[in-house]
Amino acid sequence: MIPPLSARVGHDAAVRRLKGLSEQLAVVQEQISTGKRLQKPGDDAIAFARIAALRRADRGSDVQRLAMDSASARLVASEVALAGIAELAVRAKELALAGRNGTLNAGDRSVLALEVRELLAAARGLAETRGPDGEALFAGVGAGAAYTDDAEGLAAWAGLGTPPQIAVIGRSIPVGITGPEAFGVTAPLDPLAPLPDPEMPPPPRQRNLFDSLAHLAASLMETRPVFVDAAMDESIAAVDDHVDRLAGAQALLGARAARLEAETNRLDNSQLALQSSLSRLEDTDMTEAIARLDRLSVVLEAAQASFARVSRLSLWDDIR
């Protein structure tokens, strides 16, 4: 016997209800297993678009953070190298003051000159310190050595341009310091100047740190009384200026490192806010999802039991 139309309609409606409950149950189970509330754009188109935008911003922040970490490592390496050179300069100043003592003989000054040459070699070595990416820290954007010897045998900066910069919101931060900024510049000789008087000390000359140390070593080896005092006075003044310049360079690097640290903290807070927004949009609320799963399971079981009872249309049931 064909069931009446009303019975078939009720049967189909019950089947659709069971199917809908099963699909809802499957969705909640997937949300719990994956930990994600949204599985496809159709679940919530607006939220899905917002999640995509937040993920792009988060990936951009990751790239920026890598660049800032590299910049921070370069600044730290520059600070360490500069601190070492500053210690050498302070020691050179002590030796210069000791060498100015008129009670020292030529042998004593030669011992001091030997130590100054060792300080010079150590300072030149530190000036060629390489950063985490293999670049010379004091060569600006140059790819080679920071310093080479010129035609006069003096240390000449071989770098190029200014230090690399990292772009942050609204400004750029130089990542390091160049050799001329940290160690000064040697003034070139004036080709039109008259020849020096061999009987008189030459006039003072502006020199970079390395040339000043070389001049100090030569001054300590000077044997002509008239030249000794003038050369030592010039060397002491030059080294003293370099100690002050190096202190200023260290302060400059420290200020740049502090700015970079502040930007890093800002970026960290921004990423934390992004992650929090992403979590609110896409992560499953486990407490709510488990409660919903239990509720749907009970409703589905009850609906299945009810459907089984209503659908008993067998002839044998009617006979009994």
Condition (residue is touching a Pro at 6+ places or on another chain (Cβ under 9 Å) and of a type in the set (S, T, N, Q)) applied to the stretch 71-87: is it met by at least one residue? yes
Test: residue in the stretch 80-96 that is outside any loop (DSSP other than H, G, I, E, B), among the acidic types (D, E) and touching a Leu at 6+ places or on another chain (Cβ under 8 Å): no
Failed condition for P163, given (1) in a loop (DSSP other than H, G, I, E, B); (2) touching an Asp or Glu at 6+ places or on another chain (Cβ under 8 Å); (3) open to solvent by less than 20 Å² (accessible area, probe 1.4 Å), with all others met? (2)
Inspect all residues belonging to the stretch 128-144 and state whether any of them is in a helix (DSSP H, G or I), surrounded by fewer than 17 Cβ atoms within 10 Å (Cβ to Cβ) and at pLDDT 90 or above. no
Out of (1) open to solvent by less than 10 Å² (accessible area, probe 1.4 Å); (2) part of a loop (DSSP other than H, G, I, E, B); (3) of a type in the set (S, T, N, Q), the one T103 does not meet is (1)
Which numbered condition D244 fails, given (1) of a type in the set (D, E); (2) modelled with pLDDT under 90; (3) within 30 Å of G176 (Cβ to Cβ): (2)
Would you confirm whether any residue within the stretch 214-234 is at pLDDT 90 or above, under 19 Å from L154 (Cα atoms) and within 34 Å of the chain's Cα centre (by Cα)? no
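The values are calculated or read from the model by the stated rules, or taken from the named source; none is laboratory data. Since the model is a prediction, treat every value here as computed from it, not as a measurement. Here the Cβ is made from the backbone with ideal geometry for all residues, glycine too, and neighbour counts use every protein chain on show. Quick note on the areas: whole protein, heavy atoms, side chains included, nothing else; ligands and nucleic acids left out. Shrake-Rupley method; radii C 1.70, N 1.55, O 1.52, S 1.80 Å.
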